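Only one structure is covered here, and it is reproduced in the block below.
The numbers here are math on the coordinates, done by the rules we state, and not lab data. As the structure is a prediction and not an experimental result, all values here were calculated from the model. We place every Cβ from the backbone using ideal geometry, glycine too, and count neighbours over all the protein chains shown.
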Amino acid sequence: MTSTLITGGTVVNADAAIDADVLIEDGVIAALGTAGQFTADRTVDAHGKLVLPGGIDVHTHLEYPVDAFTTHTADDFYDGTMAAAHGGTTTVVDFVKKEPDRTLRDTYLRRRETAEGKAIVDVGLHAIVPPLEQQASVHEDLKSLVAEGATSWKFFMAYPSQMVDDSELLRGFELAMEHDVLPMVHAENGHMVAREMDRLVKSGETSERSHKTAHEHGSEAEAVHRAIVLAQSVGTPLYIVHVSSADAARELELQRVRGVPVRGETCPQYLAISYEDYADLGPQAAAYLCSPPIRERSNQAGLWRRLQTGVLSVVATDHAGFCLSQPDDLPPQKLRSPGYFPKVPNGVPGVEDRLMVLWETGVVPGWITPSQFVDLTATQPAKLFGMFPQKGSITVGADADVVIWDCASDHVISAEGTHTRTDYNIYEGMRVSGTPTSVFSRGEHVVDNGVLDAHAGRGRFLSRNAPQIL
Ligand code: URP
Ligand code: ZN
Ligand code: ZN
């Protein structure tokens with residue numbers, strides 16, 4: 001039995017912050033108490049610092065195939081979870097996209113094996129529900145995957161070859177409800193996006209900045225509204241991933257105030273970066289292209305207000321990193337087709353930066369409190385995705401996923417100082433005052449002052465329980 005005592009810090013949970021020592025035994029939180037109450041094999045000093053639950057990022061895309069399997073993201077499960085650990089995130093939940101020559105179930109089981117062999121921190125997997133024409137037996141597979149821990153399924157309302165129509169959404173939502181699964185949607189009206197993209201291409205407006213024009217606020221707000229109405233007609237809760245538009249957040253708000261069990265996620269790139277930051281970069285703007293797009297600066301306050309009031313419940317990253325250069329061992333990356341936005345692989349990195357960026361842009365200016373920060377980045381993700389109370393709070397019996405957070409450090413984010421394979425950082429040059437100085441995963445001190453002490457494969461696969469939507 002090994003034990004660690006974290007002394008002198010302020011423990012911040014979603015419901016309260018208290019000064020307490022934290023005793024860790026055999027990978028779990030054994031007790032919280034006052035100074036001098038406990039002894040342990042090892043003591044870690046947290047005086048003047050905060051002690052937070054490890055971050056949970058429920059939206060990553062590691063070694064993830066895109067663009068009809070012609071390329072994939074740069075970080076594998078090792079790179080991505082190692083970067084996550086450096087940033088204070090001790091759990092990630094990634095996605096399984098059915099491979100063309102495999103069933104969804106086989107793809108899921110193989111991806112689980114891949115993740116288990118490489119992960120530094122704990123990993124779960126959501127299943128992506130493909131159009132029925134790709135696999136007639138997809139519903140059978142989905143049902144069987146609940147027992148393998150896939151208690152959340154994602155539906156795409158946009159993207160050729162992935163988007164499902166309303167009738168498939170309704171059937172999928174019904175099945176999710178019957179099996180206590182949380183349906184998630186990528187909410188953009190794919191027909192509106194495709195039509196606008198077509199118009200832009202025909203009129204020669206193909207530069208990178210036009211990507212945002214193809215993904216207007218209306219196409220996101222319409223899809224959010226429709227997805228919620230469809231979920232309501234079935235009676236299931238719903239989770240909307242990467243809400244980027246304040247108009248879309250307003251649709252969510254209108255339903256939340258009526259008590260509809262819909263939850264929304266936004267991402268740091270929509271809060272801290274704006275269209276104005278990349279619009280004039282020419283082909284290099286590819287670095288910022290993701291869907292839905294990073295929008296105008298004037299859009300940001302509408303998202304912050306919804307985080308403040310709890311209309312948006314989660315901040316995850318949608319980490320889908322590609323390189324601007326073209327490493328020999330990777331398939332085509334961001335600059336595969338300069339000047340032609342439809343071919344830019346979509347996605348931005350952020351798994352390592354999430355907590356620091358949210359602290360700096362959210363807690364420091366007063367949009368959210370430290371407890372709200374914990375709720376958005378750990379507690380709500382754990383509850384909604386079936387990991388609570390094992391993860392998501394610092395309470396007796398929970399996994400000892402713990403971050404010692406120094407809010408008085410001074411650090412400038414840079415690609416060079418970041419651990420993902422992506423060769424740029426959209427937060428380059430941002431000065432942040434809060435940083436994770438020590439990171440524990442199930443009681444193991446995996447990062448200490450920026451130094452990693454963990455091997456590939458130490459992370460465990462999380463077979464998740466049913467969602468808790470209160
Ligand atoms: O542009 C993005 N968001 N890429 C990742 C795939 C997705 O839609 O979530
Ligand atoms: Zn998406
Ligand atoms: Zn995504």
- prompt: Between their Cα atoms, which of Lys143/Lys202; Lys343/Lys383; Lys334/Lys383; Lys49/Lys98; Lys97/Lys383; Lys202/Lys334 are more than 32 Å away from each other?
  reply: Lys143/Lys202; Lys343/Lys383; Lys334/Lys383; Lys49/Lys98
- prompt: How large is the helix-only mean residue ellipticity at 222 nm for the chain, computed as the sum of -39500 (n - 2.57) over DSSP H runs with n ≥ 4, divided by its residue count, in deg cm²/dmol to the nearest 500?
  reply: -7500 deg cm²/dmol
task: Could you sort 349-359, 213-223 so that the peptide with the highest average Cβ count within 10 Å comes first and the rest follow in order?
output: 349-359, 213-223
Cα-based Kirkwood hydrodynamic radius, the chain, one decimal, Å: 22.2 Å
- prompt: Under unit Cβ charges (Lys, Arg +1; Asp, Glu -1), what dipole magnitude, rounded to 20 debye, does the chain have relative to its Cα centre?
  reply: 800 debye
- line: region 46-158: Kirkwood hydrodynamic radius (Cα pairs, Å) comes out at 15.1 Å
message: Using all alpha carbons of region 314-375, what is the percent of pairwise distances in each 5 Å bin, ordered from the shortest bin to the longest?
response: 4, 17, 18, 16, 12, 11, 10, 9, 4
query: Taking each full run of DSSP H in the chain as one helix, which ones are at least 24 Å long along their axis (Cα atoms) and have mean Kyte-Doolittle hydropathy of at least 0.0?
result: 217-234
- line: region 393-422 and region 1-71 have their Cα centres apart by a whole-number Å value of 10 Å
field: Segment Asp329-Glu99, extension gain: residue separation times 0.36 nm, minus the distance between their alpha carbons
entry: 80.7 nm
- request: Any chance you could check the Cα centroid distance between region 260-337 and region 430-467 for me, in angstrom?
  value: 23 Å
- prompt: Can you list residues whose amide H is under 5 Å from Ala31's amide H, if they're 5+ apart or on another chain and H is modeled 1.01 Å from N?
  reply: Leu23
field: Relative contact order of region 55-382, pairs being alpha-carbon contacts under 8 Å that are 6 or more residues apart, as %
entry: 19 percent
Kirkwood-based Rg to Rh ratio, region 225-382, C-alpha trace: 1.01
message: Calculate the FRET efficiency for Leu281 and Thr114 from the Cβ-Cβ distance with a Förster distance of 41 Å, rounded to the nearest 0.05.
response: 0.75
statement: Within region 17-59, the residues whose backbone N lies under 18 Å from a label point placed 7 Å from the Cα of Thr369 along the Cα-to-Cβ direction are 17-20, 50-53
